[in-house]
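A.B. asks: Structure in structure tokens, see below.
The values are calculated or read from the model by the stated rules, or taken from the named source; none is laboratory data. As the structure is a prediction and not an experimental result, all values here were calculated from the model. Reconstructed Cβ throughout: ideal geometry from the backbone, glycine too, with neighbour counts over all protein chains shown. Surface accessibility is based on the protein's heavy atoms, side chains included, excluding ligands, DNA and RNA. Shrake-Rupley method; radii C 1.70, N 1.55, O 1.52, S 1.80 Å.
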Amino acid sequence: MNQAMLWGVGTSSYGRFPDQRVESLAWTAVAEAVQDAGIRPDEIDAIIVGSVFGPPGVATRIQRGLGIPSVPMWTVENACASGTAAYHEAVEAVRHGRFKCVLVLGVDQMSTLFSGAIVPEATDPEGAASLPLPGLYALQAQRYVGEFGVTPEQLAAIAVKNKTNGMDNPRAQLRDTVPTVQEVLDSRMIAEPLTFLQCCPTSDGAGAAIVGGDRGDRSDLRIEASAMVSGALWDQRSEDVWGFASVARAAEKAFDQAGRTPQEIDVLEVHDAFTIGEIITLEALGIAPRGKGAELAPSGHTTRDGAQPVNPSGGLLSRGHPLGATGMAQLAEIAWQLRGQAGPRQVARHRVGLVETMGGGAAGMDGNACVVTILSTQS
Amino acid sequence: MSELGVGRPTKRRAGSAVGGLPVADSRPVLDGDAVLGSRCTVCRYPTAQQHLPWCPVCYGATEPARFARTGKTWSSTVVAIPVGTRRPPFGLAYVDLDDGPRVLAHLDEPAVLALGTRLEITGTDDGDLVATTEVQ
């Protein structure tokens, strides 16, 4: 098995750009990643694209501007984990010697599809019954409120923490002001107990990465682990809230591959589409015991100057959520953090980083897919 | 910017409720005193889905089943935004049917209920299951 390395990353800005072409968003990210990796485009020998809302043939439409003809190329869709699912395939391909240098791309343009929340999928029982994604997360949250006594203030603290971080992220969609806990709670209700400022915006954007083998470059990041799992049944027999188990399964595989414990991770980017999501994810990753995840942000453990900073970029709550691009944006942030290139967002300890992306919404499953990857510097 | 797309093709949206083409209805069906679904003939796993190739738990054969309309609240919320043709506020709950699957139901009154609150599926609203707090 070959050692897979992260050679370079790049992203577009994140926001609502309905007057831009999908390709333009992607090309911005690809150009930055290629330059960051220090390669020529013709060194790329495969392209893997993660995207949820297309358009059909989005990969080819992007390839049109790249001048990388005839290489194997495909598009993967795994809900919010589409970008990191594409990355996972690249890592596996390099590990097995199938390719030497893979361009991974995540892209979505949501502003041309939805003016607010994603319209639920009409073919799905829950979608047909008008359960929006914030409603699904609200049901998780209410279960946590009832089971573990999570308070509204603890939920709001996630939004305050991540929006504070996002102020220092020039590519984030939302960076006007940092709300107080009270302002988060006073913002308009979306689905009880989740208020407007506890929900990520739908966004447009792209993220790219170059994954290859060990070329002896000390600035390349070692991919210690990459694990992807698909969903399993989530039903009345489960003791977990929706989504917990899929993250836990991916995390177990990733920590096993890396030979590390959750306590050894210096900095994390995790899926905080809604405040409750970060809490449940950190428990599923083993950063906090079950029922205790809500204490991490208020205690300062996960703030940027805390013991284990989570979402120093501002997370989805600040950056926004262009589904296919989100995982690649998370990966780019961890790469910048590990290399000490995060500027005002830089965390103190940055040797080992983790990215978790969870996508879901298909009724009766504990998620569509989840990817967890662990990277480290070579020093 | 608001002129974008005017007079040109727009992206597809799923579902007739939001301007797309109608799709097959996948919601659980209420039939008189029962919620319809299927149950495994081997491990007895219940599901609100029908036409499964086999039991997703043990791969045994499944058969059509009728489940009790009563159960307890796993969690509930009040949605405060419009969704499709639904106008807010509306209450939703995951209901663990007695000896049956977990189903999503609309509450007859929008409210957040204590976990475990007994509910009864009392009807449907345009195909959505509607649940009412069970009278003790």
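A.B. asks: So which residues in region A:338-361 are part of a loop (DSSP other than H, G, I, E, B) and modelled with pLDDT of 95 or more, if there are any at all? I'd like the intermediate steps shown before the answer.
C.D. replies: Pass one, region A:338-361, residues part of a loop (DSSP other than H, G, I, E, B): A:339-342, A:346-351, A:360-361.
Within region A:338-361, A:339, A:340, A:341, A:342, A:346, A:347, A:348, A:349, A:350, A:351 meet the criteria.
A.B. asks: Same structure, new question: Do we have any residue at all in region A:37-50 that's out of contact with any strand residue (DSSP E or B) (no Cβ under 8 Å at 6 or more places or on another chain), surrounded by fewer than 16 Cβ atoms within 10 Å (Cβ to Cβ) and basic (Lys, Arg)? Outline the logic, then answer.
C.D. replies: First, pick out the residues of region A:37-50 that are out of contact with any strand residue (DSSP E or B) (no Cβ under 8 Å at 6 or more places or on another chain): A:40-42.
Still in the list and also surrounded by fewer than 16 Cβ atoms within 10 Å (Cβ to Cβ): A:40-42.
With the extra rule that they be basic (Lys, Arg), the set shrinks to A:40.
There is at least one residue in region A:37-50 that is out of contact with any strand residue (DSSP E or B) (no Cβ under 8 Å at 6 or more places or on another chain), surrounded by fewer than 16 Cβ atoms within 10 Å (Cβ to Cβ) and basic (Lys, Arg).
A.B. asks: Quickly run through region B:29-47 and pick out the residues that are open to solvent by 20 Å² or more (accessible area, probe 1.4 Å), in contact (Cβ under 8 Å) with a residue 24 or more places away in the chain and under 21 Å from residue A:120 (Cβ atoms).
C.D. replies: Scanning region B:29-47 gives a single hit, B:30.
A.B. asks: A follow-up question, please. Can you say whether residue A:203 is small (Gly, Ala, Ser), open to solvent by 10 Å² or more (accessible area, probe 1.4 Å) and over 30 Å from residue A:378 (Cβ atoms), as far as the supplied structure shows? Lay out the reasoning, then the answer.
C.D. replies: Details: small (Gly, Ala, Ser): yes; open to solvent by 10 Å² or more (accessible area, probe 1.4 Å): no; over 30 Å from residue A:378 (Cβ atoms): yes.
Here the answer is no, as residue A:203 does not meet what is asked.
A.B. asks: Kindly indicate the residue of region B:114-136 that is among the aliphatic types (A, V, I, L, M) and surrounded by 13 or more Cβ atoms within 10 Å (Cβ to Cβ) and also nearest to the other protein chains (Cβ to nearest Cβ) among those meeting that condition.
C.D. replies: That would be B:115.
A.B. asks: Now, a different point. Can you find, within region B:99-113, the residue that is farthest from residue A:132 (Cα to Cα) among those that are more than 7 Å from chain A (Cβ to nearest Cβ) and open to solvent by 50 Å² or more (accessible area, probe 1.4 Å)?
C.D. replies: Here the answer is B:99.
A quick yes/no check of all residues on (1) open to solvent by less than 40 Å² (accessible area, probe 1.4 Å); (2) free of Cβ contacts under 8 Å to residues at least 60 places away in the same chain; (3) facing another protein chain (nearest Cβ under 7 Å):
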residue: A:121; (1), (2), (3): no, no, yes
residue: A:125; (1), (2), (3): yes, no, yes
residue: A:128; (1), (2), (3): yes, yes, yes
residue: A:132; (1), (2), (3): yes, yes, yes
residue: A:144; (1), (2), (3): yes, no, no
residue: A:148; (1), (2), (3): no, no, no
residue: A:151; (1), (2), (3): no, no, no
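A.B. asks: Which of (1) of a type in the set (S, T, N, Q); (2) more than 14 Å from chain B (Cβ to nearest Cβ); (3) buried (at least 24 other Cβ atoms within 10 Å of the Cβ) does residue A:198 not meet, given it meets every other one?
C.D. replies: Of the numbered conditions (1) of a type in the set (S, T, N, Q); (2) more than 14 Å from chain B (Cβ to nearest Cβ); (3) buried (at least 24 other Cβ atoms within 10 Å of the Cβ), the odd one out for residue A:198 is (2).
A.B. asks: Residues that are modelled with pLDDT of 95 or more, within 11 Å of chain A (Cβ to nearest Cβ) and open to solvent by less than 50 Å² (accessible area, probe 1.4 Å), at least 3 per element: which strands (runs of 3 or more DSSP E) completely within region B:49-98 meet that?
C.D. replies: Numbers: elements: B:62-68, B:70-79, B:90-97.
Fully inside region B:49-98 and qualifying: B:70-79, B:90-97.
A.B. asks: Mind telling me which of the residues A:297, A:245 ends up being within 29 Å of residue B:102 (Cβ to Cβ), among the hydrophobic types (A, V, I, L, M, F, W, C) and assigned to a helix (DSSP H, G or I)? Break it down into steps so the answer makes sense when it comes.
C.D. replies: Numbers: A:297 fails: within 29 Å of residue B:102 (Cβ to Cβ).
Testing whether each residue is within 29 Å of residue B:102 (Cβ to Cβ), among the hydrophobic types (A, V, I, L, M, F, W, C) and assigned to a helix (DSSP H, G or I) leaves just A:245.
A.B. asks: Further question: So is residue A:180 more than 18 Å from the chain's Cα centre (by Cα), in contact (Cβ under 8 Å) with a residue 40 or more places away in the chain and away from chain B (no Cβ under 14 Å) or not?
C.D. replies: Numbers: more than 18 Å from the chain's Cα centre (by Cα): yes; in contact (Cβ under 8 Å) with a residue 40 or more places away in the chain: no; away from chain B (no Cβ under 14 Å): yes.
No; evaluated as a whole, the condition is false for this residue.
A.B. asks: Please determine whether any residue of region A:309-325 is at pLDDT 95 or above, over 30 Å from residue A:110 (Cα atoms) and not in a loop (DSSP other than H, G, I, E, B).
C.D. replies: Checking region A:309-325: not a single residue is at pLDDT 95 or above, over 30 Å from residue A:110 (Cα atoms) and not in a loop (DSSP other than H, G, I, E, B).
A.B. asks: For the subset of region B:33-48 comprising residues that are under 16 Å from residue B:71 (Cα atoms) and in a strand (DSSP E or B), which member is farthest from the other protein chains (Cβ to nearest Cβ)?
C.D. replies: The selected residue is B:34.
A.B. asks: Another question about this same structure. Quick test of your reading of the structure: residue A:103 fulfils all but one of (1) within 10 Å of another protein chain (Cβ to nearest Cβ); (2) hydrophobic (A, V, I, L, M, F, W, C); (3) buried (at least 21 other Cβ atoms within 10 Å of the Cβ). Name the failing condition by number.
C.D. replies: (1)
A.B. asks: Which condition does residue A:297 not pass, out of (1) more than 14 Å from the chain's Cα centre (by Cα); (2) at pLDDT below 95; (3) surrounded by 24 or more Cβ atoms within 10 Å (Cβ to Cβ), if it passes all the others?
C.D. replies: (2) is the only condition that residue A:297 fails.
A.B. asks: In addition: Consider residue A:232 against the criteria (1) open to solvent by less than 10 Å² (accessible area, probe 1.4 Å); (2) within 14 Å of another protein chain (Cβ to nearest Cβ): it satisfies all of them except one. Which criterion is unmet?
C.D. replies: Among (1) open to solvent by less than 10 Å² (accessible area, probe 1.4 Å); (2) within 14 Å of another protein chain (Cβ to nearest Cβ), the lone unmet condition for residue A:232 is (1).
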